[in-house]
1. With unit charges on the beta carbon (Lys/Arg positive, Asp/Glu negative), name the residue among Ile573, Gly229, Ala595 whose Cα is farthest towards the positive pole of the charge dipole of the chain.
2. If each of Lys301 and Asp86 carries a label point 7 Å out from its Cα toward its Cβ, how far apart are those two points in nm?
3. Residue by residue through the stretch 646-660, which ³J(HN,Hα) values in whole Hz follow from phi under the Karplus form 6.51 cos²θ - 1.76 cosθ + 1.60 (θ = phi - 60°), with glycine and proline marked x?
4. Any idea what % of Cα-Cα pairs in the stretch 269-347 are farther than 14 Å?
5. For the stretch 556-619, run through the GluC sites (Glu not before Pro) and keep only the ones in DSSP coil with at most 13 other Cβ atoms within 10 Å of their Cβ.
6. What aspartates and glutamates sit close enough to Lys149 to cross-link, taking a C-alpha to C-alpha distance under 17 Å and skipping anything fewer than 8 places away on the same chain?
7. Determine, from the Cβ-Cβ distance of Arg57 and Glu130 and an R0 of 22 Å, the FRET efficiency 1/(1 + (r/R0)^6), rounded to the nearest 0.05.
8. Enumerate the calculated ³J(HN,Hα) couplings along the stretch 488-504 in order (Karplus 6.51 cos²θ - 1.76 cosθ + 1.60, θ = phi - 60°), each rounded to whole Hz, writing x wherever the residue is Gly or Pro.
Amino acid sequence: MKRILLMTTVLLCNLAAAQTIISTKNTSLVIDAAQGKEPLFLYYGARLEDGDLSSLRAAGFQELPVYPALNTNGAHPEALCVRMPDGNLTTDLRTSSIEESTWEGGKIYSISCKDPVYPLEVKIYYKTYEAEDIISTWTEIRNAAKKKKDEIVLTRFDSGSLPIRRGDVWVMSFGGGWADETEAFCQPLGLGVRSVYNRDGVRNSHKAHSEVMISLDGKPREDSGRVIGAALCYSGNYELRFETGDTRRMSMHRFYAGIDPTHSAYTLAKGESFTTPELALSWSSEGLGGVSRNFHRWGRKWKLTHGGQVNDILLNSWEGVYFDINEEGMHSMIRDIADMGGELFVMDDGWFGDKYPRLNDHTSLGDWVVDRNKLPHGIEGLAEEARRNGIKFGIWIEPEMTNVGSELFEKHPDWVINAPKRELVTGRGGGQLVLDLSNPAVQDYVFGVFDGIMTACPEIAYVKWDANMQIYSQGSGYLKNQEHLYIEYHRGLAKVLDRIRAKYPNVSIQACAGGGGRVNWGILPWFDEFWTSDNTDALQRTYIQWNTSYFFPAEAMAAHIGASPNHTTGREIPLKFRIDVAMSARLGLELQPSAMTEDEKAHCKAAISDYKKIRDVVQLGDLYRIVSPLDGKGICTKLYATPEKDRAVFFWYSTEYFQGKQVPAALFAGLDPERRYRITELDVFGKPLSCDGKTFSGRFLMETGLNIPAKNYQGGPHRDYASHVLYLTAE
Ligand code: GLA
């Protein structure tokens, strides 16, 4: 038995058994990688110490391969399938060494394995993010052939797999579509296969998300029970699957996550390696909430660009003017958001195109020249107007795409993705096409789009990077091996984004993809935030934002006040409710201020000023979800607290109202029971609640709570859509 100690590199030789405890602050994962044997998975859960290892084996849990491959013991499904040079489909992975090193946030372990017969080498990595209780895993698969002709083909190449003891295990996965992002689906795990996959090719969080919550103690709860959260950090196609067989060998469910191999078998030539994306795991005994807080801390600290810094309050032009961009209109929006206390104005789609002016979504993508008919003084003129008004300026681009009606396509028809010899299959508006980012010339072009705009106007502080189409016709005029397209597209995109970030480390970039199509930890490291959904209906947003918060922090979650009636749902919702929902994430506006009354503008101005007081708590604090809008209680409540629990913000929304309806008392969570908190109601419209200005102990608020009436007294004529934002400061 051996525990690897603090050394930079350790080589294990001739050990009959080599159990390694991979630990974070509160969790451990144990593997047994004895030399010459297949590495085995022993445990993932609460933190263990060396002395627990003998108990672990004595407890009798089943030991299964860490990275199962198709081999002679065909009792388990595979994470790795390889076609060897002679056509043999089996793989036999034997440990040759384990190495350990330290990095800033924890440790990295790598288990090197070799196939004794074929030229295959696999390294299995584990990386700890100690303080955040995340352990991630991925693999590096190498063709170690001696002869040039010896290619190997990867037909399945998951990032990792995890055995989970059967019992009352439930899985929560997420999916939806445009304007209906991130519905939650929660079911017990039975026999057979359950698969969560995305094959869009470009974006990957509309139809399904690559994150799942796995509850080990029955239907998941917010604040108790053992839960494992898993997030595959990859920007392209993926498959997460649970496989449960009814054999003696399967007293465990097995969870696998990796790039989706459908139409994507990957050929490795002699000496080539393939690195699979990171699969991040977090275990918590504090229910869904515990796992979410771990992912939020991890995302802010290690993943998001500028994570841990609050994001600006902005006005985006899209729902205010759509394609109807003109200089006076933009100036007026700039003045309006500056007057309301905002910090940034973002000009959305519709500002570009020369031969093909962008009047709708049918043409112009690729022609990133300013339309001088609409903006005679160019982007610089708008940036100057923003500066004059004391705010920053941002712009929308969609650089991975083109239109049939564009000068770019006329010049480079071979740059688009479409199966050779087939008719063009176009998207959005009828004429849109995806550019072939596997082609280095296209990569240079896409980098050039960003670079060109920034060079022409260095004052641009924010870029909304959109992607509104999937790959329909799989085919590249550049690649020899068409099966590599989906993967090479995302490698190309990563290269472009690396170059952009190297040259422009300070600019804020939003990941948008037809709304929330790129809410994923594989793409977000190049971005500051994401557009959560094109649906700005505040009622539906209580659901979308709730579910998105399972894996993504409020700092990155753009939430804008839309118009009423809402442009997507047609629902009429009072301004206060719309503001209060947007205040629970990264606040912004998505409407035409000139269509607002002076009172409405004043209301927004006051709310923006209130939001500035709580923005750091909301964007950077710990989230406690309390009552889900899905629970059918007619309310939705949640709270953000600083890690020190000295400040907190409580959000309360009525999501359904009937005359005489009684809702549960508003219970708080995440506070210090021993401290007293003063409550200040924010965004007050009319009479404040009776708790305003009073103090309560944290214990009282968490055990007894407040009586908040379901009826709306603050939202004008409406009796429904009551909402309250309560700011708590410890005395
Ligand atoms: C996508 C985005 C919107 C907007 C439009 C512009 O749909 O999600 O927010 O930027 O494109 O065409």
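1. About the Cα centre, the residue reaching furthest to the positive side is Gly229.
2. 5.0 nm
3. Each residue of the stretch 646-660 in turn: 9, 9, 8, 10, 10, 10, 10, 10, 8, 9, 6, 9, 10, 3, x Hz.
4. Result for the distance tail: 75 percent.
5. Working: sites: Glu572, Glu590, Glu598, Glu600; in loops: Glu572, Glu590.
Listed in order of number, the matching sites are Glu572.
6. Asp86, Glu272
7. Numbers: r = 25 Å, r/R0 = 1.15.
Once rounded, the FRET efficiency stands at 0.30.
8. Couplings: 5, 4, 6, 5, x, 4, 4, 4, 5, 5, 4, 5, 5, 5, 5, 8, 10 Hz.
The values are calculated or read from the model by the stated rules, or taken from the named source; none is laboratory data. Owing to the predicted nature of the structure, the values given are computational and were not obtained by experimental measurement. Cβ sites come from the backbone with ideal geometry, for glycine too, and all protein chains shown count toward neighbours. Side chains included, ligands, DNA and RNA excluded: accessible areas come from the protein's heavy atoms. Shrake-Rupley method; radii C 1.70, N 1.55, O 1.52, S 1.80 Å.
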